Amino acid sequence: MVLETERLFLRHLTPDDDAFILELLNEPGFLENIGDRKVRTLEDARRYVADGPAASYVQNGFGLWWVGLKATAEPVGICGLIKRDVLDHPDIGYAFLARFSGRGFASEAAAAVLAYGRKALGLSRIVAITKPDNDGSIRVLEKIGLRYEGMVTLSDHGGDSRYFISDV
(Lines give C-alpha, C1' and ligand atoms only; values in the text may rest on other atoms or scores of the structure.)
Protein backbone atom coordinates (compact mmCIF):
# COMPACT_ATOMS: atom_id res chain seq x y z
CA MET A 1 0.00 0.00 0.00
CA VAL A 2 1.22 3.48 -0.89
CA LEU A 3 -1.41 5.66 0.81
CA GLU A 4 -4.44 5.39 3.02
CA THR A 5 -7.29 7.82 3.65
CA GLU A 6 -10.39 7.58 5.79
CA ARG A 7 -12.30 5.53 3.18
CA LEU A 8 -9.71 4.56 0.57
CA PHE A 9 -6.39 2.93 0.06
CA LEU A 10 -4.00 3.42 -2.84
CA ARG A 11 -1.51 0.86 -4.07
CA HIS A 12 0.57 0.08 -7.12
CA LEU A 13 -1.31 -1.17 -10.14
CA THR A 14 -0.44 -4.75 -11.13
CA PRO A 15 -1.18 -6.96 -14.14
CA ASP A 16 -3.95 -8.56 -12.04
CA ASP A 17 -5.87 -5.27 -12.27
CA ASP A 18 -6.44 -5.87 -15.98
CA ALA A 19 -10.25 -6.25 -15.88
CA PHE A 20 -10.64 -3.08 -13.82
CA ILE A 21 -8.30 -1.11 -16.11
CA LEU A 22 -10.13 -2.38 -19.20
CA GLU A 23 -13.42 -1.16 -17.75
CA LEU A 24 -12.11 2.22 -16.53
CA LEU A 25 -10.24 3.17 -19.70
CA ASN A 26 -13.29 2.46 -21.84
CA GLU A 27 -15.83 4.44 -19.83
CA PRO A 28 -17.37 7.34 -21.79
CA GLY A 29 -16.06 9.90 -19.28
CA PHE A 30 -12.51 8.59 -19.56
CA LEU A 31 -12.60 8.55 -23.34
CA GLU A 32 -14.09 12.06 -23.50
CA ASN A 33 -11.96 13.77 -20.84
CA ILE A 34 -8.68 11.89 -20.91
CA GLY A 35 -8.55 10.14 -24.25
CA ASP A 36 -8.61 6.79 -25.96
CA ARG A 37 -5.68 4.69 -24.77
CA LYS A 38 -6.60 1.91 -27.26
CA VAL A 39 -7.13 -0.61 -24.46
CA ARG A 40 -9.63 -3.13 -25.83
CA THR A 41 -8.55 -6.45 -24.33
CA LEU A 42 -7.20 -7.76 -21.03
CA GLU A 43 -3.81 -8.08 -22.72
CA ASP A 44 -3.97 -4.41 -23.73
CA ALA A 45 -4.81 -3.52 -20.12
CA ARG A 46 -1.82 -5.46 -18.79
CA ARG A 47 0.40 -3.72 -21.36
CA TYR A 48 -1.01 -0.32 -20.32
CA VAL A 49 -0.11 -1.02 -16.67
CA ALA A 50 3.38 -2.29 -17.55
CA ASP A 51 4.28 0.49 -19.99
CA GLY A 52 2.62 3.32 -18.04
CA PRO A 53 2.16 3.21 -14.27
CA ALA A 54 4.58 0.34 -13.52
CA ALA A 55 7.32 1.90 -15.65
CA SER A 56 6.75 5.23 -13.90
CA TYR A 57 7.11 3.63 -10.46
CA VAL A 58 10.60 2.49 -11.46
CA GLN A 59 11.63 5.61 -13.38
CA ASN A 60 10.10 8.33 -11.17
CA GLY A 61 9.27 6.72 -7.84
CA PHE A 62 5.60 7.52 -8.39
CA GLY A 63 2.82 7.02 -10.91
CA LEU A 64 -0.90 6.37 -11.14
CA TRP A 65 -2.08 4.16 -8.31
CA TRP A 66 -5.07 1.85 -7.92
CA VAL A 67 -7.70 3.34 -5.59
CA GLY A 68 -9.99 1.00 -3.67
CA LEU A 69 -12.55 1.11 -0.90
CA LYS A 70 -11.14 0.16 2.49
CA ALA A 71 -14.42 -1.47 3.48
CA THR A 72 -14.65 -3.87 0.53
CA ALA A 73 -11.33 -3.62 -1.41
CA GLU A 74 -13.44 -2.84 -4.49
CA PRO A 75 -11.58 -0.74 -7.09
CA VAL A 76 -13.10 2.69 -7.67
CA GLY A 77 -10.46 4.48 -9.74
CA ILE A 78 -6.86 5.50 -10.25
CA CYS A 79 -5.06 8.52 -8.87
CA GLY A 80 -1.45 9.57 -8.65
CA LEU A 81 1.37 11.66 -10.02
CA ILE A 82 2.52 11.66 -13.62
CA LYS A 83 5.76 13.06 -15.03
CA ARG A 84 5.10 14.17 -18.59
CA ASP A 85 7.90 15.29 -20.90
CA VAL A 86 5.76 18.28 -21.92
CA LEU A 87 5.36 19.67 -18.38
CA ASP A 88 8.10 21.01 -16.11
CA HIS A 89 6.58 19.52 -12.95
CA PRO A 90 4.74 16.33 -12.02
CA ASP A 91 1.00 16.57 -12.45
CA ILE A 92 -1.78 14.98 -10.47
CA GLY A 93 -4.06 12.73 -12.44
CA TYR A 94 -7.13 10.71 -11.62
CA ALA A 95 -10.03 8.81 -13.14
CA PHE A 96 -12.88 7.09 -11.35
CA LEU A 97 -15.56 4.67 -12.43
CA ALA A 98 -18.78 6.55 -13.15
CA ARG A 99 -20.78 4.44 -10.71
CA PHE A 100 -18.67 5.89 -7.87
CA SER A 101 -18.99 9.55 -8.88
CA GLY A 102 -20.47 12.12 -6.56
CA ARG A 103 -19.16 10.53 -3.37
CA GLY A 104 -16.02 12.62 -2.91
CA PHE A 105 -13.61 9.80 -3.69
CA ALA A 106 -11.68 11.80 -6.31
CA SER A 107 -11.17 14.73 -3.92
CA GLU A 108 -10.19 12.43 -1.07
CA ALA A 109 -7.66 10.49 -3.14
CA ALA A 110 -6.28 13.59 -4.91
CA ALA A 111 -5.78 15.45 -1.62
CA ALA A 112 -3.85 12.46 -0.24
CA VAL A 113 -1.71 12.24 -3.38
CA LEU A 114 -0.98 15.97 -3.23
CA ALA A 115 0.10 15.70 0.43
CA TYR A 116 2.22 12.64 -0.36
CA GLY A 117 3.94 14.46 -3.22
CA ARG A 118 4.80 17.36 -0.95
CA LYS A 119 5.79 15.49 2.20
CA ALA A 120 7.13 12.11 1.11
CA LEU A 121 8.57 13.11 -2.26
CA GLY A 122 9.56 16.69 -1.40
CA LEU A 123 7.97 18.16 -4.52
CA SER A 124 7.75 21.94 -4.29
CA ARG A 125 5.33 22.29 -7.19
CA ILE A 126 2.65 19.94 -8.42
CA VAL A 127 0.50 20.88 -11.39
CA ALA A 128 -2.63 19.57 -13.07
CA ILE A 129 -4.24 19.79 -16.47
CA THR A 130 -7.82 19.22 -17.49
CA LYS A 131 -10.02 19.76 -20.48
CA PRO A 132 -11.52 23.27 -20.40
CA ASP A 133 -15.09 21.99 -19.96
CA ASN A 134 -14.42 19.17 -17.46
CA ASP A 135 -16.28 20.88 -14.62
CA GLY A 136 -16.08 17.90 -12.26
CA SER A 137 -12.30 17.71 -12.52
CA ILE A 138 -11.97 21.48 -12.16
CA ARG A 139 -14.00 21.34 -8.91
CA VAL A 140 -11.76 18.57 -7.55
CA LEU A 141 -8.58 20.53 -8.32
CA GLU A 142 -9.94 23.70 -6.73
CA LYS A 143 -11.18 21.78 -3.68
CA ILE A 144 -7.71 20.34 -2.99
CA GLY A 145 -6.14 23.79 -3.24
CA LEU A 146 -4.77 24.06 -6.75
CA ARG A 147 -5.24 27.36 -8.50
CA TYR A 148 -5.96 28.06 -12.13
CA GLU A 149 -2.92 29.52 -13.86
CA GLY A 150 -4.07 29.74 -17.48
CA MET A 151 -4.49 27.73 -20.64
CA VAL A 152 -1.79 25.54 -22.18
CA THR A 153 -1.63 23.57 -25.39
CA LEU A 154 0.03 20.19 -24.99
CA SER A 155 0.91 18.02 -27.95
CA ASP A 156 0.08 14.82 -26.06
CA HIS A 157 -3.20 15.98 -24.51
CA GLY A 158 -5.45 16.74 -27.46
CA GLY A 159 -5.47 20.51 -27.62
CA ASP A 160 -6.04 23.23 -25.06
CA SER A 161 -6.06 22.38 -21.36
CA ARG A 162 -6.67 24.33 -18.21
CA TYR A 163 -3.43 24.47 -16.22
CA PHE A 164 -3.51 24.46 -12.42
CA ILE A 165 -0.62 24.81 -9.98
CA SER A 166 0.07 24.11 -6.35
CA ASP A 167 3.00 25.57 -4.50
CA VAL A 168 4.11 24.48 -1.05
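Remarks
- For the chain, modelled as a GNM whose springs connect Cα atoms under 10 angstrom apart, the maximal fluctuation among G63, G145, G117 occurs at G145.
- Highest GNM mean-square fluctuation among V76, V86, V39, for the chain modelled with Cα contacts below 10 Å: V86.
- A straight Cα-to-Cα reach below 16 Å connects K70 with the aspartates and glutamates E4, E6, E108, residues fewer than 8 places away in its own chain not being considered.
- Check: the stretch 117-168 dipole with +1 on Lys, Arg Cβ and -1 on Asp, Glu Cβ, in debye: 300 debye
- Stretchable slack from S101 to T153, in nm (0.36 nm times residue separation minus alpha-carbon distance): 15.9 nm
- The 1.4 Å probe gives accessible areas that order K119, K70, largest first, as K119, K70.
- With all protein chains kept in place, the per residue accessible area of the chain amounts to 50 square angstrom at a probe of 1.4 angstrom.
- Choice from A112, A54, A71 with maximal GNM fluctuation in the chain (Cα, 10 Å cutoff): A71
- Of all lysines in the structure, those lying under 24 Å Cα to Cα from K38, and not within fewer than 8 positions of it along the same chain, are K83, K131.
- For the pair the stretch 47-102 / the stretch 111-141, the C-alpha centres are spaced 12 Å from each other.
- With every protein chain in place, the stretch 40-115: carbon and sulfur % of accessible area (1.4 Å): 53 percent
- Residues in the stretch 60-92 that a label on D160 would reach, taking backbone N under 20 Å of a point 7 Å out along Cα→Cβ: 87
The values are calculated or read from the model by the stated rules, or taken from the named source; none is laboratory data. What you see is a predicted model; the values in this text were computed from it and never measured. When we count neighbours, we look across all protein chains shown, and the Cβ atoms used for this are built from the backbone with ideal geometry, even at glycine. Protein only, heavy atoms only, side chains kept; ligands, DNA and RNA dropped before computing areas. Shrake-Rupley method; radii C 1.70, N 1.55, O 1.52, S 1.80 Å.
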